[in-house]
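Written below as structure tokens is the structure these notes are about.
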Amino acid sequence: MHRLTALALAAAPLALTASALIAPAPAEAQQDVLAQVQRHLQSVNTMRADFIETNRAGQSVRGEMFLKRPGKIRFSYEEGVNMLVVSDGRALTFVDYDVRQVQRWPIGDSPLSVLLNPDRDLSRFARVIDSGRNSEVRVRARDPEHPEYGTITITFLRNPSAPGGLMLQGWTVLDSQNNLTTINLANQRFGMEIADRTFRYRDPRPRNRRR
């Protein structure tokens, strides 16, 4: 069964792979590009997109992502994939309905906090990576005080009609077992109403196990 690793739900130290060797952008370009990424994050209040999640073995699942800042995100998977990842703004929750399991982590313990909190100072924990494409912006973020939380590499395309001039394309998360999992987005839409109930979930556990 395809297991979700893209959200780095299990905190683990980073393992170095070839993808971590991409050269950073020149120092003089870092500040301007990070400021543009920050403007993009701050200009997006809500977002919906289709996604494809692919792990290192090449297994893929599809679904729809809902985002509402600050702090709320939901990954609804395609029919037949009985799991859910959702954040209510405080904790990131992974629900496996097949085995009736629920796991929760503070938002700050996940690399996704980069996307969910637009007010964080990116210059403290992120670097622009030179991908060799003028049309692409790639940012790698890692909490220097908590490397066990993992590393996220986020990709944007320059698009004048997108919020802040950037279109979020997806991200990759790397963990200590050398698991490299990628989320690719499509059909991105911004600025719609998304009800807070979207970020709730049905708890599959028997009542006596919740106490």
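Scan around Leu166 for amide H atoms under 5 Å from its own, H built in the peptide plane at 1.01 Å from N, and keep only partners 5 or more places away or cross-chain.
The answer is Asn159.
What length, rounded to one decimal in nm, is gained on full extension from Met192 through to Glu145, with 0.36 nm per residue of separation minus their alpha-carbon distance?
13.3 nm
Going 7 Å from the Cα of Arg202 along its beta-carbon direction, which residues of segment 57-100 have the amide nitrogen within less than 12 Å of the resulting point?
83, 97-98
Which trypsin sites (Lys or Arg not before Pro) from segment 97-183 combine a DSSP loop assignment with at most 12 other Cβ atoms within 10 Å? The partial results should precede the final answer.
Working: sites: Arg100, Arg104, Arg120, Arg124, Arg127, Arg133, Arg138, Arg140, Arg142, Arg158; in loops: Arg100, Arg120, Arg133, Arg142.
Passing both the DSSP loop test and the Cβ count: Arg100, Arg133.
Would you pull out the residues with amide H under 5 Å of Ile129's amide H, same chain only if 5 or more places away, H placed 1.01 Å from N?
Those lying under 5 Å, H to H, from Ile129 are Ala25, Arg138, Val139, Arg140.
Restricting to DSSP loop positions (anything but H, G, I, E, B) with no more than 14 other Cβ atoms inside 10 Å of their own Cβ, which GluC sites (Glu not before Pro) remain in segment 134-211?
On the way: sites: Glu136, Glu145, Glu148, Glu193; in loops: Glu145, Glu193.
Those satisfying the criteria are Glu145, Glu193.
Could you run the Karplus curve 6.51 cos²θ - 1.76 cosθ + 1.60 with θ = phi - 60° over segment 152-165 and give me ³J(HN,Hα) per residue in whole Hz, x for Gly and Pro?
With the stated coefficients, segment 152-165 comes to 10, 10, 10, 10, 10, 10, 5, 8, x, 8, 8, x, x, x Hz.
The numbers here are math on the coordinates, done by the rules we state, and not lab data. Just so we're clear, the structure is a prediction, and the values are computed from it rather than from any experiment. For neighbour counting, all protein chains shown are included, and Cβ atoms are generated from backbone atoms with ideal geometry for every residue, glycine included.
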